[in-house]
Amino acid sequence: MREETTNKSTVKIEHFESLSSTNEYTKQCLENGASCPFWIVSDEQTSGRGRQGRDWVSIKGNLYTSTAQLIKANGSTLSGLSLVTALAVYEAIQQTSSAPLELTLKWPNDILIKEAKLGGILIENVSEPNAQVSEVVIGVGINIQSSPVVEGRDTTCLADQQSFVKRDDLLNALIEALDMWLKRWDNGNNFTEIKNAWCERAATIGAPLSVRVGQERLTGKFAGLDEKGALKLELEDKTIKLITGGEII
Ligand code: BTN
């Protein structure tokens with residue numbers, strides 16, 4: 001694996017023309033004893049994976065990357081990592097974009113422009129459930145040049161927004177931004193700052209929201225996040241339901 005220097009740090013990165021999935025390859029590297037942190041990037045993926053068992057269409061021109069990180073936390077503390085990564089992705093896009101963008105974050109970790117999906121994050125914990133230190137694979141896909149057609153879902157890409165970004169500039173900005181937000185999060189000891197930063201960039205409090213949890217569909221209003229990063233959904237009867245899994249529709 002080559003060592004490369006971004007503006008601020010030296011990191012291990014391996015580049016590929018094609019992989020089945022950067023998350024899968026990163027997991028293989030860990031199984032073969034690679035030490036964290038490192039980054040994998042591929043021009044395309046032949047079996048890119050999204051959340052909830054979905055495919056992630058991965059043709060050339062967009063960013064497909066995964067990183068393996070060691071986090072000194074486990075259990076519900078780790079769920080904050082979704083928000084940490086979303087903040088890093090948001091910041092990397094803003095920093096490298098050649099045009100102003102109206103980015104918003106959607107719980108738990110989508111990056112949107114006016115309701116259309118620009119990027120997504122897939123986090124996989126590969127450690128034993130109660131390990132003190134967790135090995136985590138964080139996969140990020142950002143639509144730079146093309147947006148896949150996804151049934152029932154608006155998608156967009158940076159080029160559609162007149163924002164022309166080089167893939168490797170975006171990757172370097174992401175590496176630095178993730179490093180910075182991970183330090184701020186401090187393995188979960190400073191979740192409050194992450195929560196506040198995430199909420200500032202997310203749908204406003206009171207916005208209507210529908211959430212699918214398994215087969216159930218719940219509707220209400222966005223009421224912020226709780227102290228562990230769960231979504232607070234205000235139901236019609238004004239009670240607050242905490243959502244730790246599921247998906248906003
Ligand atoms: C989502 O469903 O929103 C998450 C999408 C995550 C896609 C990225 S692309 C790089 C990495 N490798 C994968 O197979 N998936 C993630």
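The values are calculated or read from the model by the stated rules, or taken from the named source; none is laboratory data. The structure displayed is predicted, hence computed values, not measured ones. We place every Cβ from the backbone using ideal geometry, glycine too, and count neighbours over all the protein chains shown. Heavy atoms of the whole protein, side chains included, go into the accessibility calculation; ligands, DNA and RNA do not. Shrake-Rupley method; radii C 1.70, N 1.55, O 1.52, S 1.80 Å.
For this structure, a couple of remarks:
- Any hit, segment 167-177, residues being open to solvent by 60 Å² or more (accessible area, probe 1.4 Å) and farther than 25 Å from Gln52 by Cα: yes
- Among the residues listed as Gln45, Gln28, the single one being modelled with pLDDT of 95 or more and either away from the ligand (no atom under 12 Å from the Cβ) or within 23 Å of Asp179 (Cβ to Cβ) (or both): Gln28
- Selected residue (only one of Leu118, Leu101, Leu87 is modelled with pLDDT of 95 or more and assigned to a strand (DSSP E or B)): Leu118
- Residue within segment 112-130 that is in contact (Cβ under 8 Å) with a residue 60 or more places away in the chain, buried (at least 18 other Cβ atoms within 10 Å of the Cβ) and either away from the ligand (no atom under 14 Å from the Cβ) or among the acidic types (Asp, Glu) (or both) present: no
- Complete set of residues in segment 209-249 that are under 17 Å from Ile194 (Cβ atoms) and surrounded by 14 or more Cβ atoms within 10 Å (Cβ to Cβ): Gly224, Leu225, Asp226, Lys228, Gly229, Ala230, Leu231, Lys232
Residue-wise test of (1) of a type outside the set (D, E, K, R); (2) in contact (Cβ under 8 Å) with a residue 40 or more places away in the chain; (3) outside any strand (DSSP E or B).
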residue: Glu4; (1), (2), (3): no, no, no
residue: Glu14; (1), (2), (3): no, no, no
residue: Ser18; (1), (2), (3): yes, no, no
residue: Tyr25; (1), (2), (3): yes, yes, yes
residue: Gln28; (1), (2), (3): yes, no, yes
residue: Gly33; (1), (2), (3): yes, no, yes
residue: Cys36; (1), (2), (3): yes, yes, yes
residue: Ser42; (1), (2), (3): yes, no, no
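- Restricting segment 58-73 to residues that are surrounded by 18 or more Cβ atoms within 10 Å (Cβ to Cβ) and not hydroxyl-bearing (Ser, Thr, Tyr), the residue that is farthest from the ligand (Cβ to nearest atom) is Ala73.
- Selection status of Lys195, open to solvent by 90 Å² or more (accessible area, probe 1.4 Å) and either outside any loop (DSSP other than H, G, I, E, B) or free of Cβ contacts under 8 Å to residues at least 60 places away in the same chain (or both): no
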